[in-house]
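Structure first, then comments.
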Amino acid sequence: MNPFHTIDPNLTKPDGWVLRILLENVQTLRARSTLELQSNNDDGYCSQSSEDKIPDAKQSPDQDKQTEQGDGKVIDHLRALNDPKDSEFIPIVFLSWDLEDLANTPIVFRVLLQCYVGWAKTIVRNEVDVVMLTHLLLYLFTSVPSAIYLYRHFSLIHGFLHTVMHVWYAGSYTLMMHQHIHMRGVLAKKYAWLDHSFPYITDPLMGHTWNSYYFHHVKHHHVEGNGPNDLSSTIRYQRDSLWDFFRYVARFFFLVWLELPLYFLRQHKTTMAFKVAASELGSYLFLYLMATRVNLHATIFALLLPLFVMRIGLMIGNWGQHAFVDDVEPDSDFRSSITLVDVASNRYCFNDGYHTSHHLNPRRHWREHPVSFLQQKHIYAKESALVFCNIDYLMITVKLLQKDYNYLARCLVPIGIQIGMSIEAIAALLETKTRRFTEDEICAKFKHS
């Protein structure tokens, strides 16, 4: 068995089920195919090592039925975990711990926790989003006071620790806001004033300019879908080239303030173009005034360094999410994005690893991604979608820039025809999906754009 295919005990419960089902499916099909190879060899046929080539990895009708029944039970269980009306429903309160992990804590803590969960359910829009309120409170009671104190009593040590804290917060906060911008809020309607106002306080502290994430991601990226008109598209870059990666990051870093308004103007969305320009330039003006009129040193650590780190992080993430693009159907969501089953993306970043599922339905709730993936597993297999485990987008980008396709191939969880491929064949397949598209190819394969 591939040592990269292990069930990390820190995976979320749904991720554990997803990965277990996928790996069991691989083992079952490979075992059956090996038996077929042995049978063919006994009948006098020329045989090959099953590591090199496995015949069509298909199950018998009875096996298909058993698999569907097993998957169906898991899907029903995961649905129950997400349904506040079901007796099996389990709210997520913290990202680092599941509630069952806290069963042996002092009774006083458990009582306080129950009181908090009961109160939090009345604050959030969706009862399954208690963890969103937990994190909002975390940021409001750590990030904001720390920044205020930094401006009033600056010290280099505090500035450094403040920046480190926000680098640690960056992933979870950004993916919390990812849910926020797609659903237009996470709090109950009666708290709409807070829901719409807190990002103007927390976004700059976390490295986001005002409203830019919403306009770029929701109104632009999901409209263009990594196509030729997407300003963050990867198709015009060689995705294992360090030079192309630097160009990609630099373009977003220095030109997004100009290119995004111009994009909306080309789409005849003048009002949106004005809003984007006003938000982006207004953010830069705010940074300038804080640096020149209030406290330069505090601004560097509280606002500028988080902005620098966040923008690089966003591009590293998007590069990894859309590095592998099929050269036959590059406009397919199944073939231009990937799925990750890992701790960093899904436990700490609200199931960000299910990027294909997110592109298939941008408004799908983050807790529904594992369920949706299992429901559509056969489609993912038919479309030769890519599923990786125990690797996050950062390491995918790093390994791509190192051209370490063998490492990436070992992290791939094969589905469909991939099950019959060797590690070397998978590595070669992955390499073909990182090639830069020429303008002629783009015109031919993205006709709708």
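Here are the numbers for this structure:
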quantity	calculated
Evaluation of Pro306 against (1) in contact with a His (Cβ under 7 Å, 6 or more places away or on another chain); (2) without any contact (Cβ under 8 Å) to a residue 60 or more places away in the chain; (3) under 30 Å from Val294 (Cβ atoms) (one fails), failing number	(2)
Residue identified as surrounded by fewer than 19 Cβ atoms within 10 Å (Cβ to Cβ), hydroxyl-bearing (Ser, Thr, Tyr) and in a helix (DSSP H, G or I) among Tyr213, Tyr149	Tyr149
Which listed residue is at negative phi and touching a His at 6+ places or on another chain (Cβ under 7 Å), from Thr270, Thr234, Thr202	Thr234
Selected residue (criterion: farthest from Ser279 (Cα to Cα)) from residues of segment 225-256 that are in contact with a Leu (Cβ under 8 Å, 6 or more places away or on another chain) and surrounded by 18 or more Cβ atoms within 10 Å (Cβ to Cβ)	Asp240
Identity of the residue in segment 264-315, part of a helix (DSSP H, G or I) and among the charged types (D, E, K, R), that ends up nearest to Val164 (Cα to Cα)	Arg311
Residue within segment 166-179 that is in contact (Cβ under 8 Å) with a residue 40 or more places away in the chain, of a type in the set (Val, Ile, Thr) and within 21 Å of Trp366 (Cα to Cα) present	yes
His178 being closer than 30 Å to Thr432 by Cα and part of a helix (DSSP H, G or I)	no
Residue in segment 171-194 that is surrounded by the fewest Cβ atoms within 10 Å (Cβ to Cβ), counting only those that are over 13 Å from Phe350 (Cβ atoms) and in contact with a helix residue (DSSP H, G or I) (Cβ under 6 Å, 6 or more places away or on another chain)	Gly185
Residue check, His153 of a type outside the set (A, V, I, L, M, F, W, C) and closer than 18 Å to Arg367 by Cα	no
Unmet criterion (only one of (1) within 30 Å of Thr397 (Cα to Cα); (2) charged (D, E, K, R); (3) outside any loop (DSSP other than H, G, I, E, B)) for Arg239	(3)
Listing of helices (runs of 4 or more DSSP H) fully contained in segment 355-449 that carry 3 or more residues being of a type outside the set (Phe, Trp, Tyr) and within 19 Å of the chain's Cα centre (by Cα)	355-360, 369-375, 393-401
Residue check for Leu260: in contact (Cβ under 8 Å) with a residue 24 or more places away in the chain and assigned to a loop (DSSP other than H, G, I, E, B)	no
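For (1) over 19 Å from Cys411 (Cα atoms); (2) assigned by TED's automatic domain parsing to the domain that holds Ile75; (3) not small (Gly, Ala, Ser), each residue gets a yes or a no:
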| site | (1), (2), (3) |
| --- | --- |
| Arg311 | yes, no, yes |
| Asp331 | yes, yes, yes |
| Cys349 | yes, yes, yes |
| Gly353 | no, yes, no |
| His358 | yes, yes, yes |
| Gln375 | yes, yes, yes |
| Asn390 | no, yes, yes |
| Ile396 | no, yes, yes |
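The values are calculated or read from the model by the stated rules, or taken from the named source; none is laboratory data. Fair warning: this is a prediction, and the values are worked out from it, not measured in the lab. Note that we place each Cβ from the backbone using ideal geometry, even for glycine, and neighbour counts take in every protein chain shown.
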